[in-house]
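Trainee: Encoded as structure tokens, here's the structure I'll be asking about.
The values are calculated or read from the model by the stated rules, or taken from the named source; none is laboratory data. These numbers come from a predicted model, not from an experiment. Because the Cβ atoms are built from the backbone with ideal geometry, glycine has one as well, and the counts that use them run over all protein chains shown.
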Amino acid sequence: MQTHLITGAASGIGYELARTLLQRGDAVLACDLNPGPLESLRGHAASPDRFHAAQLDVRDPAQWDSTLQSALKLWPRIDTVMNVAGVMRVNNIDTVQNSDVDLILDVNTKGVIFGTQAAFRVMRHQADENGRGHIINIASLAGIAPIPGAALYTASKFAVRGYSLAVAFELKKFGIALTAICPDAVATPMVTPFAKQAEAAVVFSGSRLLRIDEVVRAIVARALVDRPVEITLPRSRAGLAKLASCFPTIASFLFSSMTRRGLRNQAGTVDN
């Protein structure tokens with residue numbers, strides 16, 4: 001049995017990840033700013049002591065420390081801390097609000113940094129039989145290539161990916177692994193509300209949105225097993241993102257085509 005702390009567990013990737021791990025017999029401390037929906041996960045636990053829920057505002061370092069200390073009272077060690085919580089706003093530079101800047105960077109970027117730091121402070125003291133612990137940070141392909149119309153989200157995920165890749169090498173000497181997960185747009189409650197918003201055209205320019213279970217499978221079957229520094233998916237869109245990142249001039253031509261395709265998808269039916 002492994003033990004996991006998962007943020008953003010009230011919906012989307014976090015919820016499905018918690019459910020999947022509980023069903024395989026692991027223990028989960030499911031955390032969210034809105035803890036109400038977490039109780040529906042209880043029925044998936046192999047035994048009552050393997051599921052616990054907690055309210056956590058990832059923007060607050062003190063709450064991170066207290067939540068992890070609570071987890072250590074439940075179990076002798078914490079195997080993984082999964083920073084899943086995130087928010088998204090879609091708007092252009094002429095419509096963005098100051099409150100959007102604060103919210104997106106505070107939750108998506110600072111929340112992940114605070115979570116990573118808090119996990120390190122606990123994991124560095126754990127036994128090193130199979131590694132002292134594993135941190136999983138949800139970044140995005142938007143952390144590799146810019147997404148016009150979602151510049152703030154892009155900035156937050158570039159920061160998450162850059163921070164994760166850099167600190168992964170620092171953590172290695174302590175026996176702690178870190179994996180950054182970089183998926184394309186996923187059919188979650190965070191993304192689907194923008195399906196008809198023109199500014200989000202590039203977000204919907206793929207042949208379809210990734211399913212939540214595809215991302216969860218990548219985490220459970222690949223990240224937790226092999227502990228790579230980074231996982232990108234799907235492979236085709238990841239290659240396109242890396243091309244756009246390396247060659248910004250080429251990216252401008254790609255974005256024109258992707259915007260047109262995204263608008264067509266938004267006008268028709270996107271496979272969610």
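Trainee: In the stretch 194-211, how many are surrounded by 15 or more Cβ atoms within 10 Å (Cβ to Cβ), farther than 12 Å from residue 88 by Cβ and not basic (Lys, Arg)?
Mentor: 8
Trainee: Considering only the stretch 11-52, how many residues are in a loop (DSSP other than H, G, I, E, B) and of a type in the set (A, V, I, L, M, F, W, C)?
Mentor: So in the stretch 11-52, the residues in a loop (DSSP other than H, G, I, E, B) come out as 11, 24-26, 33-35, 45-47.
Next, from what is left, pick out any that are of a type in the set (A, V, I, L, M, F, W, C): 33, 45-46.
Final tally of qualifying residues: 3.
Trainee: Right, next: Being touching a residue at least 40 places away in the same chain (Cβ under 8 Å) and either farther than 20 Å from residue 181 by Cβ or surrounded by fewer than 21 Cβ atoms within 10 Å (Cβ to Cβ) (or both) is the filter; apply it to the stretch 25-50 and report the residue that is farthest from the chain's Cα centre (by Cα).
Mentor: 50
Trainee: Where in the stretch 184-272 are the helices (runs of 4 or more DSSP H), entirely inside, with at least 1 residues that are without any contact (Cβ under 8 Å) to a residue 12 or more places away in the chain and β-branched (Val, Ile, Thr)?
Mentor: 248-267
Trainee: Within the stretch 169-182, track down each residue that is surrounded by fewer than 21 Cβ atoms within 10 Å (Cβ to Cβ) and either of a type in the set (A, V, I, L, M, F, W, C) or at negative phi (or both).
Mentor: Step one: list which residues in the stretch 169-182 are surrounded by fewer than 21 Cβ atoms within 10 Å (Cβ to Cβ), which gives 169-170, 172-175.
Selection gives 169, 170, 172, 173, 174.
Trainee: Being crowded, with 23+ Cβ neighbours inside 10 Å and touching a His at 6+ places or on another chain (Cβ under 7 Å) is the filter; apply it to the stretch 74-105 and report the residue that is nearest to residue 147 (Cα to Cα).
Mentor: 82
Trainee: For the stretch 147-160, check the following and say yes or no: at least one residue is surrounded by 24 or more Cβ atoms within 10 Å (Cβ to Cβ), in contact with a strand residue (DSSP E or B) (Cβ under 9 Å, 6 or more places away or on another chain), at pLDDT below 95 and on the phi < 0 side of the Ramachandran plot.
Mentor: Yes; the residues of the stretch 147-160 include at least one that is surrounded by 24 or more Cβ atoms within 10 Å (Cβ to Cβ), in contact with a strand residue (DSSP E or B) (Cβ under 9 Å, 6 or more places away or on another chain), at pLDDT below 95 and on the phi < 0 side of the Ramachandran plot.
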